[in-house]
Amino acid sequence: MTVSIQTRISHEESPLGRLFVTLANVSLIRYDKTGEEGEECNVHFGFDERKEAECFAHYLKVAQENLFEKFMRGPFYDKKVVYLRNLRTSTIDETPARMQFSIVSRDLGDSKHAYRAILTQDNATRCICFDFKSKPSGVKRWDLLQSRIWVYDEDANGKPYISQTDWDTLTGQSVVKSVEGATFVKGGHERTTNDWLEELDRLFRVMKPDRNDRYKKVKIAVIDSGLNDKVKSRYMAQNNIVYKDFTHETRNDSWHGTCCAKIICDMYEEATLYIARIFEKDHADEKEGPIRMAKAIDWAISEPNCADIISISAGFRDYSQELSNAVTRAKAAGKLVVAAAANWANTGTVAFPARHNLTTMCIYSTNTSNQSSSFNPEPRSDTHNFALLGEEFQHPDQKSGPMSGTSMATAAAAGLAANIIDFSRQEDNKSYIWRLPDVGTLPGMLSIFSDGKGELGLYCNIKMSAFKNIAVAGAAGDLGSAVFNALVTSSKFNLTVLTRKGSKSTFPSGTKVIEVDYDSLDSLTAALQGQDAVVSTVGSLAIPIQNLLIDAAVAAGVKRFLPSEFGSNLVVPSVRKLPVFGTKVAVEDKLTELAKQGKISYNFVYNGAFLDWGIKNNFFLDFSKPELTLWDQGDAEFSTTTLASVGDAVVGVLTHPQETQDRIVYVQDTVLTQKKILELAKEVNPGKEWKVQYAKIDDITAQSDANVAKGIYDWPTLAPYLFRSLFDAKSVPKYEKLDNELLG
């Protein structure tokens, strides 16, 4: 097992409380093939005691650091020095010094070798390692520019550290400015963040104005953790910055805001920055943060500042009325607000204010290959999901590792938008731009970004991925078994069935079944850990238990909830008020409100009457009797669906999460009337005589209303309300717009 510089040591905790120390990016040596290294993998060590896990992780970290130092200073294990040269130089104070340049080789088998160059200096801690693949005789500037460069040094406290850098940063050159050499040195290696910045710089050079053009430059507000104390004076002197601290802390150790400001300045050098410090640390304060952010936005857009762009590389899990009002005021003033989606992956939805899609431009992150970053939350279906590079940006403190996140992507989006607005303000371009005043507004920028990633591949739209881990509640009933069978047959999901303790229900071999206490939030939350979606098919009497199930889903970070709403068209106000649907309406209202808060998404499946269930249970007509009652003449058309088709619809919803998010889906197999059912019954049994009688739904529901007033909620009381929803044309029981095609 090979533990390298790329190997990461991390801590994890399973839902059952077991602790793990993980070695990530480990290469396994296969001794049966002459020491050949296999693909990188993760190695997990499990512990029952936290103290033991932390102690083990500490020992691993110390061992790794010792190996790093040996790796940086010379050959060890099976490596060999194939070139060595001593150089004479001098230190900063002109003291003579000796440097040593060596090339170390490692045998990869099949006559292949890997090489690295090491540069050290006598009596100095700092050393530099170049990791390249050329032959020793071929090492030259081109290879150094392409190689991975590692620097070993000590910080101000004497603690050793290792950081990865590139040639331009190492030599103090500005990567973005070295465009002339870029086409040469970037010939055949993996695309990097610096490549992306160079591509942008190429674009920005074309967009540069005439030197004599005296137009208004773009103003950008950066609302974040402010500037780190170590570089604040230098940044203030080198850039046009207006600074305001909204915190009560004088010291600033955070680098987050500094990194965001650096990205913007690197992309748009002409910017006037209005930097508002609202966080003392790198992490957002959910209580004070929204209030401070609202004040900072008002400060940025008011006179004399009048910032054009508000860059918010932060966000909160909960909605804030003060913050909502502030971003609304910013949009009304014609300002562009860009905000970070969040870095909590699928444990939560988009942060606020980024999810306020009417006033802000939400930004996700990609890697250098325009692939969605692993830390992105799920994209949303009802708005744009713009993503820019957000990974591996150079830290302002070169002793620290690179920074990644939707925060970095948001800063990059602000820098890109600033260049676009700047271009639109140049005198030579004004006559060619349609609706010029709209360019710097939210609608204008959305229109510009909406073409996807464009020819340069600088940004893209990302889509929500299909759900994989599905928990099913109520899988043993008539509807539940049909839905569960459809999920199993699709072979698209990892399924978990929730059952009550002591349940006698049985499921196919291999089905994961978890017994839960439906009256315990803790029990339900534990069972839903790691689930992407919950499908509830509980019966009518059990519908109220969904409230606690929904709370557990939110607590466990579940992304989608499908309640047991299958049936009538509850959008119609008169249907929604029927007593038989009271508990369903309450569940719908709860999920709708939670979705507005960004805590979970939902789907309501409206399928009309269950066709096969209705025939089997004599709901439409009783085949054992000769009498048949037709309600209100029996001419009203209604949608109806088999249980199997409802199951297929659920599969369709879960495989199209973005298209179906936070809305009703309408499905049906056919449209019937009571008279049509009677005709079909006569065709099946032509010798049977049916005695048809007619009745009014108003009459039977009046009696039900009287019973409900007395507190009676039995089946004879509630059934007439179902007849009202199904056989009354005013209840719109026939669905005009269907999602059958989308759901397959």
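At-a-glance table
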quantity	calculated
Filtered residue count, segment 636-647, keeping only those that are surrounded by 20 or more Cβ atoms within 10 Å (Cβ to Cβ) and not in a strand (DSSP E or B)	5
Residue selected from segment 202-230 under the condition among the hydrophobic types (A, V, I, L, M, F, W, C) and in a loop (DSSP other than H, G, I, E, B), by the criterion nearest to Glu270 (Cα to Cα)	Val218
Selected residue [among the β-branched types (Val, Ile, Thr), at pLDDT 70 or above and assigned by the TED database to the domain that holds Lys331] from Ile149, Ile223, Ile128	Ile223
Residues of segment 658-687 satisfying the condition of being of a type in the set (Gly, Ala, Ser), exposed (fewer than 14 other Cβ atoms within 10 Å of the Cβ) and either assigned to a helix (DSSP H, G or I) or not assigned by the TED database to the domain that holds Thr640 (or both)	none
Some residue of segment 594-607 being surrounded by fewer than 21 Cβ atoms within 10 Å (Cβ to Cβ) and either in a strand (DSSP E or B) or among the acidic types (Asp, Glu) (or both)	no
Odd one out for Gly530 among (1) in contact with a strand residue (DSSP E or B) (Cβ under 9 Å, 6 or more places away or on another chain); (2) buried (at least 19 other Cβ atoms within 10 Å of the Cβ); (3) on the phi > 0 side of the Ramachandran plot	(2)
Residues that are closer than 21 Å to Val488 by Cα and out of contact with any Phe, Trp or Tyr (no Cβ under 9 Å at 6 or more places or on another chain), drawn from segment 512-530	Lys512, Ile514, Glu515, Ala527, Leu528, Gln529, Gly530
Scope segment 266-302; condition more than 11 Å from Phe246 (Cα to Cα) and part of a loop (DSSP other than H, G, I, E, B); matching residues	Tyr268, Glu269, Glu270, Ala271, Lys281, Asp282, His283, Ala284, Asp285, Glu286, Lys287, Ser302
Residue that is modelled with the lowest pLDDT, among those in segment 193-218 that are buried (at least 17 other Cβ atoms within 10 Å of the Cβ) and of a type in the set (S, T, N, Q)	Asn194
Tally of residues being part of a loop (DSSP other than H, G, I, E, B) and buried (at least 16 other Cβ atoms within 10 Å of the Cβ) across segment 385-405	9
Positions within segment 515-549 being assigned to a strand (DSSP E or B) and in contact (Cβ under 8 Å) with a residue 24 or more places away in the chain, in sequence order	Ala533, Val534, Val535, Ser536
Candidate set: segment 406-431, residues that are in a helix (DSSP H, G or I) and free of Cβ contacts under 8 Å to residues at least 12 places away in the same chain; chosen: the one nearest to Thr368 (Cα to Cα)	Lys430
Filter result (touching a helix residue (DSSP H, G or I) at 6+ places or on another chain (Cβ under 7 Å) and either polar (S, T, N, Q) or buried (at least 17 other Cβ atoms within 10 Å of the Cβ) (or both)) within segment 688-707	Ile697, Ile700, Thr701, Ser704, Asn707
Test: Ala300 is among the aliphatic types (A, V, I, L, M), in contact with a His (Cβ under 9 Å, 6 or more places away or on another chain) and either buried (at least 24 other Cβ atoms within 10 Å of the Cβ) or outside the structural domain of Met361 (by the TED database) (or both)	no
Every residue from segment 235-265 that is part of a strand (DSSP E or B) and among the aromatic types (Phe, Trp, Tyr)	Tyr243
Set Leu743, Leu630, Leu654: member being in contact with a His (Cβ under 9 Å, 6 or more places away or on another chain), in contact (Cβ under 8 Å) with a residue 24 or more places away in the chain and more than 22 Å from Gly582 (Cβ to Cβ)	Leu743
Any pair with Cβ under 7 angstrom, 6 or more apart, that starts in segment 148-170 at a residue that is under 14 Å from Thr192 (Cα atoms) and ends at one that is modelled with pLDDT of 70 or more and of a type in the set (Lys, Arg)	Gln164/Arg148
Residue list for segment 567-578, filter: surrounded by fewer than 16 Cβ atoms within 10 Å (Cβ to Cβ) and more than 35 Å from the chain's Cα centre (by Cα)	Pro573, Ser574, Lys577
Flag for Asn494 being surrounded by fewer than 22 Cβ atoms within 10 Å (Cβ to Cβ), over 27 Å from Asn617 (Cβ atoms) and touching a strand residue (DSSP E or B) at 6+ places or on another chain (Cβ under 6 Å)	yes
Whichever residue in segment 708-744 is in a loop (DSSP other than H, G, I, E, B) and of a type in the set (Gly, Ala, Ser) and, among such residues, is surrounded by the most Cβ atoms within 10 Å (Cβ to Cβ)	Gly744
Contacts under 6 angstrom Cβ, first residue in segment 330-344 being free of Cβ contacts under 8 Å to residues at least 60 places away in the same chain, partner assigned to a loop (DSSP other than H, G, I, E, B) and of a type in the set (Val, Ile, Thr), 6 or more apart	none
Odd one out for Asn370 among (1) surrounded by fewer than 24 Cβ atoms within 10 Å (Cβ to Cβ); (2) part of a strand (DSSP E or B)	(2)
Selection status of Asp589, touching a helix residue (DSSP H, G or I) at 6+ places or on another chain (Cβ under 7 Å), among the acidic types (Asp, Glu) and either in a helix (DSSP H, G or I) or assigned by the TED database to the domain that holds Asp662 (or both)	no
Selection count, segment 226-250, where residues are more than 12 Å from Ala300 (Cβ to Cβ) and in contact (Cβ under 8 Å) with a residue 60 or more places away in the chain	3
Asn357 vs. criteria modelled with pLDDT of 85 or more and touching a Ser or Thr at 6+ places or on another chain (Cβ under 7 Å)	no
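Per-residue answers, yes or no, for (1) surrounded by fewer than 24 Cβ atoms within 10 Å (Cβ to Cβ); (2) touching a helix residue (DSSP H, G or I) at 6+ places or on another chain (Cβ under 6 Å):
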position: Asp522; (1), (2): yes, no
position: Ala526; (1), (2): yes, no
position: Thr537; (1), (2): no, yes
position: Ala542; (1), (2): yes, no
position: Gln546; (1), (2): no, yes
position: Arg560; (1), (2): no, no
position: Glu565; (1), (2): yes, yes
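The values are calculated or read from the model by the stated rules, or taken from the named source; none is laboratory data. Fair warning: this is a prediction, and the values are worked out from it, not measured in the lab. Cβ sites come from the backbone with ideal geometry, for glycine too, and all protein chains shown count toward neighbours.
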